[in-house]
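Taking it in order: structure first as structure tokens, then the write-up.
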Amino acid sequence: MVLLDGKTLAKEKRENLKKKVEELKKKEGIIPGLAIIRVGNDPASEIYVRNKLKACQEVGIYAVEKHFNEEVNEQEIIDMIEFFNQDKTIDGILVQSPLPKNLDEKKIVSYILGSKDVDGFGIDNLGHLLANQEQVLAATPLGILNLLKEYKIPIASKKVLIIGRSQIVGRPLAIMFLNRDATVTIAHSKTKNLKELTLQADILISAVGHPRFITEDMVKEGTVCIDVGINRENGHVIGDMDFEKIKEKASYITPVPGGVGPMTIVTLLENVYELALKRKKEK
Ligand code: NAD
């Protein structure tokens, strides 16, 4: 078994990106900029945003957070998005999910200009993805593909099973694999006989959010196992897969923590940089 070491790869990528950001600043006078909008006091979101801001700072990306309390009305957030849409120092805008239930997240996110939709969640970027004309790709799925690429794991013709159909992981990831010629199956909460599907997968991806959801008997010998899940148990972060047992069968496996998570953050930073390069072209 080979460990898919997202932590180390993400560190290398951050160092590399830092150099590119410095160069862009020196040669073009451009500092890539990210705006993050956060609403309410969800503790996980607070940590995620803090980590994103810190990571931006490390590589020299300008990052600003606008935090609203739960009582904010939709229009105030939309006005803030419109402001960042016009702000020439900002290349990417993201709204930290989840928003409080009284707010229409899809509607709010739709106000982010397609050209600044750094998360790739907007209809424009999703449409391009579906049409196999990929533009900005969501950070978690793209981070997974970059991890597979680094380890030279082939995708074309492979049977890929993705468990989870969220807007941020499962759906876009499925289309990305399809665009790279995999045979893709998506499983979700209404799927029956899941084990029949998992046992056929060459590449198995779990994005469910239940500890030990994938047990050893569900995995065939030699499968590439990608664990997206983040679950907290007795003060520890664990994934969806029963790692200690599954690692004996897998050809490759991501640890949690240290697998997909760090790749997500660095991929977001890379997306901000790529959008800043477009600013350069428009100058
Ligand atoms: P979600 O929480 O919106 O939905 C979970 C998905 O699991 C749904 O699509 C549902 O259909 C599916 N599911 C639930 N029960 C199932 C069952 N019994 N059988 C098959 N499918 C079932 O999904 P999400 O936002 O993509 O998050 C999933 C997990 O991934 C969470 O633990 C989250 O914290 C984690 N996550 C990690 C990263 C990262 O960077 N590592 C990024 C995003 C999400």
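The values are calculated or read from the model by the stated rules, or taken from the named source; none is laboratory data. These numbers come from a predicted model, not from an experiment. FYI the Cβ positions are ideal-geometry reconstructions off the backbone, even for glycines, and counts take in every protein chain you see. Heavy atoms of the whole protein, side chains included, go into the accessibility calculation; ligands, DNA and RNA do not. Shrake-Rupley method; radii C 1.70, N 1.55, O 1.52, S 1.80 Å.
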*Name the residue, out of V118, V136, that is farther than 18 Å from S206 by Cβ, out of contact with any Ser or Thr (no Cβ under 8 Å at 6 or more places or on another chain) and within 16 Å of the ligand (Cβ to nearest atom).*
V118
*asked:* Looking only at the stretch 21-40, count every residue that is open to solvent by 10 Å² or more (accessible area, probe 1.4 Å) and in contact with a Ser or Thr (Cβ under 7 Å, 6 or more places away or on another chain) and tell me the total.
replied: 1
*Going through the stretch 249-283 one residue at a time, which ones are among the charged types (D, E, K, R) and either within 17 Å of I226 (Cα to Cα) or in contact with a strand residue (DSSP E or B) (Cβ under 7 Å, 6 or more places away or on another chain) (or both)?*
K249
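Having 2 or more residues that are open to solvent by less than 20 Å² (accessible area, probe 1.4 Å) and β-branched (V, I, T) is the bar; report the helices (runs of 4 or more DSSP H) wholly within the stretch 58-168 that clear it.
74-86
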_Looking at the structure I just gave you, is G209 within 10 Å of the ligand (Cβ to nearest atom), open to solvent by 20 Å² or more (accessible area, probe 1.4 Å) and part of a helix (DSSP H, G or I)?_
no
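Every residue, every condition in (1) among the β-branched types (V, I, T); (2) in contact with a strand residue (DSSP E or B) (Cβ under 8 Å, 6 or more places away or on another chain), yes or no:
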| position | (1), (2) |
| --- | --- |
| Q96 | no, yes |
| K101 | no, no |
| I108 | yes, yes |
| V118 | yes, yes |
| D124 | no, yes |
| G127 | no, no |
| I163 | yes, yes |
| A174 | no, yes |
*Number of the exception - M176 against (1) in contact with a helix residue (DSSP H, G or I) (Cβ under 6 Å, 6 or more places away or on another chain); (2) assigned to a loop (DSSP other than H, G, I, E, B); (3) crowded, with 19+ Cβ neighbours inside 10 Å*: (2)
*Is it the case that V95 is within 21 Å of V266 (Cα to Cα), of a type in the set (A, V, I, L, M) and more than 19 Å from the chain's Cα centre (by Cα)?*
no
*asked:* Residue pairs, Cβ under 6 Å, 6 or more apart or interchain, first in the stretch 168-185 and over 26 Å from V109 (Cα atoms), second away from the ligand (no atom under 11 Å from the Cβ) and open to solvent by 10 Å² or more (accessible area, probe 1.4 Å). List them.
replied: R180/I155; D181/A156; A182/I155; A182/K158; T183/K159; V184/L178
